[in-house]
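What follows is a set of notes on a single structure, which appears directly below.
The values are calculated or read from the model by the stated rules, or taken from the named source; none is laboratory data. Bear in mind that the values here come from a model prediction, so they are computed numbers and not experimental data. Positions of Cβ are backbone-derived with ideal geometry, glycine not excepted, and every protein chain shown enters the neighbour counts.
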Ligand SMILES: NC(=O)c1ccc[n+]([C@@H]2O[C@H](COP(=O)([O-])OP(=O)(O)OC[C@H]3O[C@@H](n4cnc5c(N)ncnc54)[C@H](OP(=O)(O)O)[C@@H]3O)[C@@H](O)[C@H]2O)c1
């Protein structure tokens with residue numbers, strides 16, 4: 001039995017709960033909090049978890065306390081709770097440093113900082129996490145195991161978490177933007193929007209699966225669809241001349257910089 005408290009049953013909190021229940025964790029051992037009771041009822045109805053608006057009650061006896069509220073609300077939330085030193089606090093908030101989180105959680109409390117991303121909503125998340133000064137290997141391993149219910153997990157040094165935000169936390173939006181642009185381009189070429197959307201989104205899914213499951217890196221995969229003097233080479237030349245690599249370098253830098261400012 002692993003008692004888990006999820007403080008803040010919004011998008012990320014629900015994804016976590018859904019993954020944990022699907023992975024076989026007992027819904028009776030999971031407590032989720034929200035301020036609005038109707039949201040709690042919704043989550044109880046969908047997953048059978050215990051719900052309450054009382055965060056202090058939710059963390060009683062919890063081994064893992066996932067803080068899934070918005071970043072601006074985390075410090076106040078943790079500050080107001082009397083957290084046991086036997087528990088691990090797991091922050092899912094963008095930006096907030098381990099130092100800030102440890103101060104808010106209280107003396108000697110174990111804290112893990114996680115950067116999740118929204119594909120965890122469909123069990124395909126890429127979470128990165130960094131452990132604070134009081135976290136044991138066993139506790140960090142426990143957090144990784146729980147997060148694996150919603151996808152892949154990488155443990156990294158905190159100094160790299162802003163870069164992880166640029167490559168994983170915020171990155172689903174880049175792929176959505178690329179797909180959206182491709183759909184518009186298809187419409188401009190005369191396809192109906194429905195057809196363009198199907199072609200672009202299924203291709204994104206297929207390319208993603210090839211990158212994770214073929215055992216080949218993106219360079220080899222791209223070379224594999226680029227015949228000499230062919231159509232793909234013509235398209236890639238346009239993308240390169242439009243500065244796509246530079247755009248992604250600058251986007252990643254801007255994202256990491258903003259994450260640091262928020263922290
Ligand atoms: N969404 C993303 O793409 C993404 C990616 C990476 C990281 N994150 C991080 O994940 C965290 C959660 O984001 P989200 O998108 O899931 O936000 P969200 O959908 O707004 O969820 C936050 C939830 O917390 C509840 N809440 C707020 N204050 C509370 C309190 N004092 N006690 C209990 N519950 C409270 C809110 O419900 P009530 O109003 O009913 O209380 C709401 O359901 C954020 O820190 C964010 O930085 C999100």
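Okay, residues lined up against (1) without any contact (Cβ under 8 Å) to a residue 24 or more places away in the chain; (2) within 15 Å of the ligand (Cβ to nearest atom):
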| residue | (1), (2) |
| --- | --- |
| 88 | no, no |
| 96 | no, yes |
| 101 | no, yes |
| 131 | no, no |
| 140 | no, no |
| 144 | yes, no |
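Would you say residue 173 is within 27 Å of residue 125 (Cα to Cα), more than 16 Å from the ligand (Cβ to nearest atom), free of Cβ contacts under 8 Å to residues at least 12 places away in the same chain and part of a helix (DSSP H, G or I)? Taking the combined requirement at face value, the residue does not satisfy it.
Residue 14 - would you say it is assigned by the TED database to the domain that holds residue 94, more than 18 Å from residue 81 (Cα to Cα), surrounded by 14 or more Cβ atoms within 10 Å (Cβ to Cβ) and in contact with a helix residue (DSSP H, G or I) (Cβ under 7 Å, 6 or more places away or on another chain)? Answer is yes for this residue. When the range 1-49 is filtered for residues that are near the ligand (Cβ under 9 Å from one of its atoms) and in a loop (DSSP other than H, G, I, E, B), the ones remaining, listed by number, are 8, 9, 10, 34, 35, 36.
Here is a yes/no grid of residues against (1) touching a helix residue (DSSP H, G or I) at 6+ places or on another chain (Cβ under 8 Å); (2) in the same structural domain as residue 184 (by the TED database); (3) over 21 Å from residue 181 (Cα atoms); (4) touching a residue at least 40 places away in the same chain (Cβ under 8 Å):
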| site | (1), (2), (3), (4) |
| --- | --- |
| 207 | yes, yes, no, no |
| 210 | yes, yes, yes, no |
| 214 | yes, yes, yes, no |
| 218 | yes, yes, no, no |
| 223 | no, yes, yes, no |
| 230 | no, yes, yes, no |
| 233 | no, yes, no, no |
| 237 | no, yes, no, no |
| 243 | no, yes, no, no |
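If you go through the range 123-145 and keep only what is surrounded by 20 or more Cβ atoms within 10 Å (Cβ to Cβ) and assigned to a loop (DSSP other than H, G, I, E, B), you end up with 132, 135. Of everything listed in (1) farther than 18 Å from residue 117 by Cβ; (2) assigned to a helix (DSSP H, G or I); (3) at pLDDT 95 or above, the single unmet condition for residue 261 is (3).
Just a yes or no: is a residue in the range 114-124 at negative phi, touching a residue at least 60 places away in the same chain (Cβ under 8 Å) and either more than 15 Å from the ligand (Cβ to nearest atom) or more than 21 Å from the chain's Cα centre (by Cα) (or both)? No, the conditions are met nowhere in the range 114-124. Once the range 50-72 is narrowed to residues that are modelled with pLDDT under 95 and within 8 Å of the ligand (Cβ to nearest atom), the residue that is surrounded by the most Cβ atoms within 10 Å (Cβ to Cβ) is 71.
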